[in-house]
1. Under a crude label model (7 Å from the Cα following the beta-carbon direction), how far is A122 from R196 in nanometres?
2. Please list 3J(HN,Hα) in residue order for segment 118-126, calculated via the Karplus relation 6.51 cos²θ - 1.76 cosθ + 1.60 where θ = phi - 60°; whole Hz, with x for glycine and proline.
3. What does the highest-first list of 37-46, 134-143 look like by mean Cβ count within 10 Å?
4. Under a 5 Å amide H to amide H cut-off, with H placed in plane at 1.01 Å, what residues pair with A133 once short-range neighbours are removed?
5. Going by average Cβ density within 10 Å per residue, which order do the peptides 149-157, 64-72 take, highest to lowest?
6. Using a simple charge model, +1 on the beta-carbon of Lys and Arg, -1 on the beta-carbon of Asp and Glu, nothing else, what dipole does segment 44-114 show about its Cα centre, in debye to the nearest 20?
7. If I model a spin label as a point 7 Å beyond the Cα along the Cα-Cβ vector, how far apart are those points for T85 and A130 in nm?
8. Distance in nm between label sites at R138 and H41, each 7 Å beyond Cα in the beta-carbon direction?
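Values quoted throughout were computed directly from the atomic coordinates according to the rules given, and no laboratory measurement underlies them. On a predicted model such as this, the values are computed, not experimentally measured, just so you know. Quick reminder, even Gly has a Cβ in these numbers, built from the backbone with ideal geometry, and neighbours come from all protein chains shown.
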Amino acid sequence: MNEILALAGTQLAWGEDGQPRSLTHGDVYFSTENGLAETYHVFIGHNDLVERWAGLGPQDDFDIGETGFGTGLNFLATWNQWRETAPADATLHFLSVERHPLVKEDLARALAAFPELDDLAAELVAAWPAAFARGLHRCRFDQGRVSLTLALDEALPGLESFLEHRHPCYRVPRRGVDAWFLDGFAPARNPGMWRREVLNTVADLSAPGATFATFTAAGIVRRALREAGFDVQ
């Protein structure tokens with residue numbers, strides 16, 4: 001049995017524009033200009049995912065790791081791009097961590113801002129747990145072509161659970177994560193997400209040649225990534 005989290009769901013404030021804001025961290029979940037375009041540009045574009053997926057062979061896997069699931073926008077945008085550009089017989093595994101999950105109603109409300117993802121958002125909301133338990137939660141979509149493994153925990157133990165978990169019902173990286181979305185709230189708002197130990201674990205989970213992309217250019221993050229073995233541009 002998973003340990004039930006004391007937190008029932010994160011507390012949000014909703015702006016007049018319909019944008020959710022975390023009261024826990026005092027920050028927005030995505031760009032107020034165009035959150036979906038930001039995801040495509042920062043995470044999908046700068047990891048060169050479309051080009052890399054084009055080179056996948058029959059029945060190949062591709063693993064993406066993420067720090068900070070939030071509203072799930074990055075996952076849905078990636079799934080949408082995957083179904084449009086990846087080989088039909090390849091499989092996407094998306095692994096993410098989240099300490100303050102949104103309740104189902106807030107998740108649906110946040111994702112309603114992106115009508116182009118309505119069909120995928122409906123599937124995610126339908127699969128979203130009604131109550132939150134510490135540990136790994138797995139969902140499969142698109143007839144198994146896409147899987148989501150979500151660690152509900154603090155960043156460090158959540159990522160470590162991907163290293164340690166051996167239950168056959170959960171996908172853990174067999175050869176390592178191919179691309180990282182280093183997301184989460186800004187380092188000044190959520191310093192625990194960007195700790196050196198967290199980024200070292202990101203490196204431990206990575207496949208040879210793994211890439212990362214992030215929205216932050218904070219010096220403390222750049223230094224920690226270099227010390228973990230990443231080439232930072």
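1. In this crude label model, A122 to R196 measures out at 5.0 nm.
2. 3, 5, 6, 4, 4, 5, 5, 4, 5
3. Details: 37-46: 18.2, 134-143: 16.1.
Descending packing order for the listed peptides: 37-46, 134-143.
4. Counting only residues 5 or more places away or on other chains, the set is L5.
5. Details: 149-157: 20.8, 64-72: 24.1.
In descending order of packing, they fall as 64-72, 149-157.
6. Numbers: 5 positive and 11 negative charges, 58 e Å.
I would put it at about 280 debye.
7. According to this spin-label approximation, the distance is 3.9 nm.
8. 3.7
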